[in-house]
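Contents: one structure, followed by commentary.
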């Protein structure tokens, strides 16, 4: 009796029981699953069957498992994987689409219908904050177009749409600036990550710092490296200068920072917000991605704050310190951009005239001058 042709002989993918399956070889980065009949070899159908096999696999933390539960390695498109944190991804620098997606998603999640002036129907909502349909309506765009934006595609977006998004999500100045930075980077051609050399502070800037004898001051870059400081600045922020001075590393990786900064929690959030803003402006800065990767690996607090995608302008305020020489010290500060130097800012600190903080600052200045003479 002639047996009817099997499914395998027709070139259809079969799936024998798990125990009967042999070891799974690899071919062009795709794991094989099941058996493949010799029919249609070399045809386009073989490629389609291979693609069909990939659908049987589900990624689990950088690996895959087939329907029988066997694990195997998976080849990622990039060398790194950011796990939703916007960390460095291979040679491409920051995962820019992920940056855009997470920023818009977190902004949408914090706006409730009541806050946006929309009616809220029902007692339970499946998503925090606004639905995509509500966000699209507030921004004056279609749902499909907003979905495209939230998936990380800001290429070609107009300024009017960006302004509509800023109004819909009630963005502040720092968040609006960050949104525009993300849009500018999306419209640039991608380029390999580059390790930016630390610029040398111009001699005239160092002369300006040295002339500020009554105010501690320093110059920093976008990665929060302190590139230059005057004598009083080094004395006031002495714990920071015990190693290569970087504000982010000191705050998150040095336990002494929690004793030195009386408002450590707030300052830690400000540091993350500054780095997030810098990542939007310079996503291909290898030094920046290395710094963020190091902090994310070594500090759980940084990882949590980084995932919030908050940005903030840090131009003026008050620093409350606990100095090892004089104790509690409160100083007002101003942060000014050096327009002739790319991405450099000058931070200067002062105390109210006649106050106890001014007396403490004078004591530190006297101690620093005496120490400098002894070393000379």
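The values are calculated or read from the model by the stated rules, or taken from the named source; none is laboratory data. These numbers were taken from a predicted model, which means no experiment stands behind them. Cβ atoms come from the backbone with ideal geometry, glycine included; neighbour counts cover every protein chain shown.
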Does residue 155 meet the test of being crowded, with 19+ Cβ neighbours inside 10 Å and outside the structural domain of residue 270 (by TED's automatic domain parsing)?
no
Taking residue 163 and the conditions (1) at pLDDT 95 or above; (2) not in a helix (DSSP H, G or I), which numbered condition does it fall short on, given that it satisfies the others?
(2)
Qualifying residues in segment 112-131 (those that are within 15 Å of residue 167 (Cα to Cα) and touching a helix residue (DSSP H, G or I) at 6+ places or on another chain (Cβ under 8 Å)) - the one surrounded by the most Cβ atoms within 10 Å (Cβ to Cβ):
130
